[in-house]
Amino acid sequence: MEEYDDQRRFFGDLAATAEQSIEQIRGFEENYYAAIHWTILPFPWIKELSDTWQSYVEQHFANGFAYALELSQAKDFQELALINTRFLQTSVETLLAQAKDFAEIYAPPVMAEKSPVPWSAK
């Protein structure tokens, strides 16, 4: 019985910590968007790049919120391990998709800038 009470207390504390983390992340997110907004004003030419980064950050925040919500509802260690595994998998998949997207958007202009002049153009 004592083990069950300890486990229940642990997951209750975990849920409270997850909820507190969500609130802190919300505050961080608001500060981040405000900082980006004020940074872009003097450099309007980086708006497209900033919008891309902002969408990536929003995806990571959404994954984090979903993770914290799931974590707050975990009932045992097996569920906790499953939630952590899913979060890790989702995070890696999101990061790889973002890297591919970023490379497809921004690598061609950079490569065109760095490519040598063709012999026929000389």
Next item on the list: Can you run down the residue pairs with Cβ atoms below 7 Å, 6 or more apart or on separate chains, where the first is in the range 15-26 and closer than 23 Å to K75 by Cβ and the partner is surrounded by 14 or more Cβ atoms within 10 Å (Cβ to Cβ) and aromatic (F, W, Y)?
Entry: I22/F65
Next item on the list: Given the conditions (1) at pLDDT below 75; (2) loosely packed, with under 10 Cβ neighbours inside 10 Å; (3) of a type in the set (S, T, N, Q), report the number of the one that Q78 does not fulfil.
Entry: (1)
Next item on the list: Could you check how many residues of the range 55-69 are under 10 Å from the mean Cα position of the chain (by Cα) and either within 12 Å of F102 (Cα to Cα) or without any contact (Cβ under 8 Å) to a residue 24 or more places away in the chain (or both)?
Entry: 4
Next item on the list: Starting from residues that are of a type in the set (S, T, Y) and at pLDDT 75 or above, keep the ones in the range 1-31 and report whichever is surrounded by the most Cβ atoms within 10 Å (Cβ to Cβ).
Entry: S21
Item checked: Criterion: more than 26 Å from A18 (Cβ to Cβ) and assigned to a helix (DSSP H, G or I) - qualifying residue of T94, T90, T52, T85 -> T52
Check: If only one of E58, E48, E30 is touching an Asp or Glu at 6+ places or on another chain (Cβ under 9 Å), acidic (D, E) and within 30 Å of I105 (Cα to Cα), which one is it?
Finding: E58
Note to self: Go through (1) part of a helix (DSSP H, G or I); (2) modelled with pLDDT under 80 for P42 and report which single condition fails.
What the structure shows: (1)
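The values are calculated or read from the model by the stated rules, or taken from the named source; none is laboratory data. For clarity, every value in this text was computed on a predicted model and none was experimentally measured. Note that each Cβ is placed from the backbone with ideal geometry, even for glycine, and that neighbours are counted across all protein chains shown.
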